[in-house]
Amino acid sequence: QVQLVESGGGLVQAGGSLRLSCAASERAFSDYAKGWFRQAPGKEREFVAAISRNGFITYYADSVKGRFTISRDNVKNTVYLQMNSLKPEDTAVYYCAASASSLATIQALQYYYWGQGTQVTISS
């Protein structure tokens, strides 16, 4: 069974940093674009960042641009989200997702595989 497993969430103070990781169970997932989404309590799931198969193309939500960096290691079949200068409004469950395409996209409907999520909590 195909799985995406996120890790690296936790509780940090505002201004701090966290690095999320997402490991895929299938080697073939290195061929797919990857994305990170988040869902805060009482809010809809929103796009955070996306990266193409080869890592050359990345997209970011305006709210995280300049603070978050998405990257991938296709040898390790893992995608990362480095989060710096964290704010309380970044508090959410963060989900990793894999598209069935090599092209990065911000559209959640283009992602067919999802992880279970990891909680990120930022205290003020």
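For (1) free of Cβ contacts under 8 Å to residues at least 40 places away in the same chain; (2) within 18 Å of residue 23 (Cβ to Cβ); (3) of a type in the set (Gly, Ala, Ser), each residue gets a yes or a no:
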site	(1), (2), (3)
84	no, no, no
98	no, yes, yes
103	no, no, no
112	yes, yes, no
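Pairs are defined by a Cβ separation below 6 Å, a sequence spacing of at least 6 or placement on different chains, a first member in segment 37-57 that is farther than 15 Å from residue 90 by Cβ and open to solvent by less than 80 Å² (accessible area, probe 1.4 Å), and a second member that is assigned to a strand (DSSP E or B) and β-branched (Val, Ile, Thr); the pairs so defined are 51/58; 51/70. You will find that of 71, 99, 63, the residue that is more than 24 Å from residue 32 (Cα to Cα) and not hydrophobic (A, V, I, L, M, F, W, C) is 63 and no other.
Taking segment 24-76 as the region of interest, the strands (runs of 3 or more DSSP E) fully inside it that hold 1 or more residues being modelled with pLDDT of 95 or more, over 19 Å from residue 4 (Cα atoms) and not acidic (Asp, Glu) are 58-60, 68-73. Whether a residue is loosely packed, with under 14 Cβ neighbours inside 10 Å, out of contact with any Pro (no Cβ under 8 Å at 6 or more places or on another chain) and not β-branched (Val, Ile, Thr) was assessed, and residue 13 passes this test.
Of all the criteria given as (1) over 14 Å from the mean Cα position of the chain (by Cα); (2) open to solvent by less than 40 Å² (accessible area, probe 1.4 Å), the one not satisfied by residue 92 is (1).
The values are calculated or read from the model by the stated rules, or taken from the named source; none is laboratory data. This structure is a prediction, so every number in the text was calculated from the model and none was measured. In this analysis, Cβ positions are derived from the backbone assuming ideal geometry, glycine residues included, and neighbour counts consider all displayed protein chains. Note: areas computed on protein heavy atoms with side chains; ligands, DNA, RNA excluded. Shrake-Rupley method; radii C 1.70, N 1.55, O 1.52, S 1.80 Å.
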